[in-house]
Amino acid sequence: MVSIKKILDTLICLVALFALAPVFSYLDRPVQLAALLTLPLALWCDRRGRYLLSSRLGTLLAVVGVILYATQVTREDVATPVVHALVLLLLVRLLSSRQGRDYLQVFLLALFILAGSSLIHLEIGFIVYLVLLVFSVTLGLVMLTVFETDKTLAMSPRELWKLIRIGLLLPAVSLLLMLVFFVMLPRTRHPLWNF
C-alpha cells in the first residue's frame with residue numbers, strides 16, 4: 001500500500017524542481033544554496049513528519065525576504081527581484097508544515113516562478129519545463145483532491161496507477177487540443193482584440 005501523502009509530498013518537490021530549474025542560474029548565490037539545500041531537506045522533513053520552520057518563523061523569513069527583494073525593484077529590472085522573492089516564498093513553504101491550501105500555494109508559486117523565468121530569459125527549454133510542470137501540477141491536484149477526502153488513505157499500486165492515468169490524461173488531452181486549435185485558428189495581421 002502506498003500513502004497518498006507520500007506521493008503528494010514527492011510531487012511537491014518535483015514541482016519545485018521543475019519551477020526552479022530554468023531560473024536557477026539567474027538566482028543570487030545565497031538563494032541558489034538555499035534552493036539546493038531545501039529540496040532534499042523538504043523530502044527528509046516530509047518522511048519524518050517534522051518540519052524545520054514553524055509558522056511564525058516561516059512567516060518572518062518570508063516577510064524579510066520579500067522586503068529585501070522589494071527594495072531591489074527598479075524600472076529597468078522588475079522581474080529578477082520578484083522571481084527571487086517568489087523563490088524564497090516557495091522555499092519557506094517547502095520547509096514548513098502543509099495542509100491542503102499550502103499544497104495549492106506551492107503549485108501556484110511554482111507556476112509564477114516559471115512565468116517569471118520567461119521574463120528574465122526565454123529559451124526553447126521553457127516549453128519542456130512548462131509541459132513537465134503542467135503534467136505534475138495536474139497530477140498533484142488530482143492527488144490533493146483524494147488526499148483531502150482522506151488524509152490517511154493508502155492505495156494499492158493498481159488503484160494508484162488508475163489515479164495516475166486519470167491525472168496524466170487531463171493535461172495530455174488539453175495539450176492535444178491546444179495543438180489542434182493552434183493549427184485550425186486563423187492568424188491575422190492585426191490582434192484579435194482590435195476587431
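The values are calculated or read from the model by the stated rules, or taken from the named source; none is laboratory data. Note that the coordinates shown come from a computational prediction; the quantities given were computed from them, not determined experimentally. Cβ placement follows ideal geometry from the backbone for every residue including glycine, while neighbour counts extend to all protein chains displayed. SASA here: full protein model, heavy atoms, side chains in, ligands and nucleic acids out. Shrake-Rupley method; radii C 1.70, N 1.55, O 1.52, S 1.80 Å.
Say whether the condition of being of a type in the set (A, V, I, L, M, F, W, C), open to solvent by 50 Å² or more (accessible area, probe 1.4 Å) and in a helix (DSSP H, G or I) is met by at least one residue in the range 146-160. No: zero hits. Val73 fulfils the conditions (1) open to solvent by 20 Å² or more (accessible area, probe 1.4 Å); (2) touching a His at 6+ places or on another chain (Cβ under 9 Å); (3) more than 22 Å from Leu141 (Cβ to Cβ) except for a single criterion, (2). Restricted to helices (runs of 4 or more DSSP H) entirely inside the range 46-130, those with at least 3 residues that are more than 20 Å from Arg29 (Cβ to Cβ) and touching a residue at least 40 places away in the same chain (Cβ under 8 Å) are 100-120. Scanning the range 19-45 for residues that are surrounded by 15 or more Cβ atoms within 10 Å (Cβ to Cβ) and not in a helix (DSSP H, G or I) yields Ala21, Pro22, Val23, Leu27.
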